[in-house]
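None of the figures in this text is laboratory data; all of them are computed from the coordinates on show. Keep in mind that what you see is a predicted model, and the values were worked out from it rather than measured. Cβ coordinates were reconstructed from backbone atoms using ideal geometry, including for glycine residues, and neighbour counts include every protein chain displayed.
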């Protein structure tokens, strides 16, 4: 497994800027070395910002993009993804909610979505090609911010409750743990870019935090 520290133009909150699956990575530019993730890269901004991780949700089967993406950005992502695999689905959700990366927690086995997206669960399920359930963490709808997941494991915010942990474990069909990133940060997704091959973790993350992340994401099983 390839696990290393990283930053995006000096910001340790690397998860805000990237979307990672086992097949592909979406980033605004090449300032982060993602070679250890063993996935092909598509470069594009979203809504004229670098915050791909906030606005986009994806697994290996599909990509979900927000209505505020520009035509040029959408074309770049669609063309880039299709070059990687023509069978990957792309869904543009024309709804008020645009921070889809914050509202959807998924891997290649299942997806947990915010109640705000419940009306679109069928479309999301079809795009990602996985079963979809609705859920919250700490009564907050930003399930995608409070947990980071791959098809090997997940890391839930250290403030997560036992029932929420078991709910995620049951539905995503992987084991996990609770923890922090970037020296106590309680939003795991903000500081981690990860897939089944490896992880890039915010440069402020401590040794004990990294050890917990590696175990939670299943990297110590090999």
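Structure notes:
- Inter-site label distance for residue 206 and residue 43 at 7 Å from Cα along Cβ, in nm: 3.7 nm
- Volume per residue for the range 121-222 equals 100 cubic angstrom (convex hull of Cα atoms).
- When each of 3, 137 is scored by the number of other beta-carbon atoms lying within 10 Å, the sequence from fewest to most is 3, 137.
- The residues 9, 120, when put in order of fewest to most other Cβ atoms within 10 Å, stand as 9, 120.
- When all alpha carbon pairs of the range 84-163 are counted in 5 Å bins from zero, the resulting P(r) reads 3, 15, 26, 26, 17, 8, 3, 1 %.
- Cα pair distances in the range 1-57, grouped into 10 Å bins until the bin that holds the longest one, percent each: 25, 61, 14, 0
- Surface/4 estimate of mean projected area, convex hull on alpha-carbon atoms of the chain, nm²: 10.5 nm²
- Here the simple spin-label model places points 7 Å from the Cα toward Cβ, and for residue 67 and residue 123 these points are separated by 0.9 nm.
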